[in-house]
Amino acid sequence: MNIQTLLNTRIQEAMVTAGAPEGSPALVRQSAKVQFGDYQANGIMGAAKKLKMNPREFAQTVLTKLDLSDIAEKIEIAGPGFINIFLKAEWMSQEVARVLRDARLDVQKVTQPQTIVVDYSSPNLAKEMHVGHLRSTVIGDSVVRTLEFLGHHVIRQNHVGDWGTQFGMLLAYMERLRKESSEISMVLSDLEVFYRKAKECFDEDADFAVRARELVVELQSGNEECLALWDEFIDISLTHCEETYKMLGVSLKREHVMPESAYNDDLANVVSELDDQGLLQESEGAKCIFMEEFANKDGEITPVIVQKTGGGFLYSTTDLAALRFRQHTLGFDRGLYFVDARQSLHFQQIFTLGRKAGFVKAGTSLEHMPFGTVMGSDGKPFKTRSGGVAKLSALLEEAQERAYALVASKNPDMAEDELRNIGRVVGIASVKYADLSKNRTSDYVFNWDNMLSFEGNTAPYLLYAYSRISSIIKRAEVNIDTLDASILLNSDQERALSVKLLQFSEAVDQVATDGMPHFMCSYLYDLAGIFMTFYEACPILTSEAEVKSSRLMLAANTASTLKKGMELLGIETLERM
Ligand code: ARG
């Protein structure tokens, strides 16, 4: 159990014993300043208000019921009724030693694992992945890793867009090339170019446009030749995605692809079920659902359209079918959707409608995890220098090149393969970390210099800190695993480092609950900073044996925590750079 949970439980119990209503929250937080101790409980004021008592007096009563003597050396009442908790050094040193010996760094598996569907990446296969797909892909993957580490049963769903009118145009273009007997897979090696050329034909050649429309109809009615052509296209496009995932170190595989087209046969059922339940209304020939929850201040409702005039189904219909599949077939307890914030209304409507229609159980939690846009320095969505959408694979190549040049300039004597490998790790890590470290709900500016900087909350800073600590440990030439020393917390720096180390599992929990990996990034950045301060004040290798062992253990614990944290972010570490 992490410290925060432990304190919450104990203080809440004491509050209830002291007369607070059952379930009154203790609201324990890490303290913002050292003078407020290590943790602060803020729940007293709220409970006292309910009891119509003076909060400081109530705090006094709570303290008489609270026994924290095993873990705290001092408890204080501060301000209007905060409780400040100062942890006990002996307890911390035992805990740090215990964490060091635990491969899971004291992060326990949850007692009640949930089945969690995570919908992420989900690009449209008509085009190549671009910078806009970075966020969903890397944030989703990091949350997936964190949830799995906690012991949940995670089901990845890559809800790729592989259906719709653009495919008619692409198939018509494939058909044309085939007639000219070009090698299709070669032409499709650059999907962006392929898409652009197909679009040109579609816009300029009327016969081509007619053929494209015919092909959509044929595709949807299951024409075999047409399906074969489409299969080939989808396969090549997915192969492109997989190359990008591999480069990025993202855990998505072919088996996680659950494309829009997989729901085709179910769409008519979804509509008729909604109809059976009396939820459907016809509006201008389209089948719609009007839900009061989505009325504006003038009472006008934005409807969910599930079938167009003429019979075509929509993105919404597919998402409703997916929701039902996830509940009935996958049996999820929690569904996380890592999708652009611009789709917020869509998801609020789908979730509300899904519940009304009984497609999901009442206890199932549905969470849209929105994210902001990747911006250029001009304040507009990020584009390449020539003004096109930035292809993700090209961007990742560039990152590796830039990182390589940077490390090569710092290490003129290093062998070429090692430099290339470091360039790869640092380049990819920089792009991922720049994205992961921002609060996902806000937009951020894509900036090479910032993300590749060795200063600040960046991947190079953390990777370098990790490699430096690893080299200190290596230089000590001792086997940490068999080192049986006690951890001495004689200085403020040793103490501060220990508290931080013991807070790792709180960062893990926060990422899992809120789906926000930036909490882990901030934690790791703080940890590395606290370690550096400790290292300046507390020499390791030159200290006498007992102190040296203790500090080495703190260093080893820091290294494993950094490594594990980076692993949960989906970032490789380097022993040397
Ligand atoms: N393919 C969609 C897009 O590129 C994202 C799909 C997200 N997932 C979902 N279940 N709707 O915008």
Return the pair list, or none, for Cβ contacts closer than 6 Å from residues in segment 49-70 that are under 18 Å from Asn84 (Cβ atoms) to residues that are at pLDDT below 95 and surrounded by fewer than 18 Cβ atoms within 10 Å (Cβ to Cβ), at least 6 apart or on different chains.
Pro55/Pro80
All but one of (1) surrounded by 20 or more Cβ atoms within 10 Å (Cβ to Cβ); (2) away from the ligand (no atom under 16 Å from the Cβ) hold for Asp102, so report the exception by its number.
(1)
Is it the case that Leu345 is surrounded by 15 or more Cβ atoms within 10 Å (Cβ to Cβ) and over 24 Å from His518 (Cα atoms)?
no
Any residue in segment 531-544 that is at positive phi and not in a helix (DSSP H, G or I)?
no
Here is a list: Val144, Val138, Val110, Val154. Which entry is part of a loop (DSSP other than H, G, I, E, B), β-branched (Val, Ile, Thr) and either over 30 Å from Val210 (Cβ atoms) or within 16 Å of the ligand (Cβ to nearest atom) (or both)?
Val110
Does any residue of segment 284-300 turn out to be within 16 Å of the ligand (Cβ to nearest atom) and out of contact with any strand residue (DSSP E or B) (no Cβ under 7 Å at 6 or more places or on another chain)?
no
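In segment 427-449, which residues are without any contact (Cβ under 8 Å) to a residue 40 or more places away in the chain and within 21 Å of the chain's Cα centre (by Cα)? Before the answer, list the steps.
Looking only at segment 427-449, we keep the residues that are without any contact (Cβ under 8 Å) to a residue 40 or more places away in the chain, and these are 427, 430, 434, 449.
Residues satisfying the conditions are Gly427, Ser430, Ala434.
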Could you give me the residue pairs with C-beta distances under 6 Å whose first residue belongs to segment 153-169 and is of a type in the set (A, V, I, L, M, F, W, C), whose second residue is away from the ligand (no atom under 13 Å from the Cβ) and in a strand (DSSP E or B) wherever it lies, and which are 6+ apart or on separate chains?
Val154/Ile116
Just the residues that are part of a helix (DSSP H, G or I) and within 13 Å of the ligand (Cβ to nearest atom), please, taken from segment 157-183.
Gln166
Residue count, segment 322-371 (criterion: farther than 24 Å from Leu436 by Cα and near the ligand (Cβ under 10 Å from one of its atoms)):
5
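Quick check, is Leu541 out of contact with any Pro (no Cβ under 7 Å at 6 or more places or on another chain), in contact (Cβ under 8 Å) with a residue 24 or more places away in the chain and within 22 Å of Phe454 (Cα to Cα)?
On the way: out of contact with any Pro (no Cβ under 7 Å at 6 or more places or on another chain): yes; in contact (Cβ under 8 Å) with a residue 24 or more places away in the chain: yes; within 22 Å of Phe454 (Cα to Cα): no.
Here the answer is no, as Leu541 does not meet what is asked.
The values are calculated or read from the model by the stated rules, or taken from the named source; none is laboratory data. On a predicted model such as this, the values are computed, not experimentally measured, just so you know. Cβ: placed from backbone, ideal geometry, glycine included. Neighbour counts: every protein chain shown.
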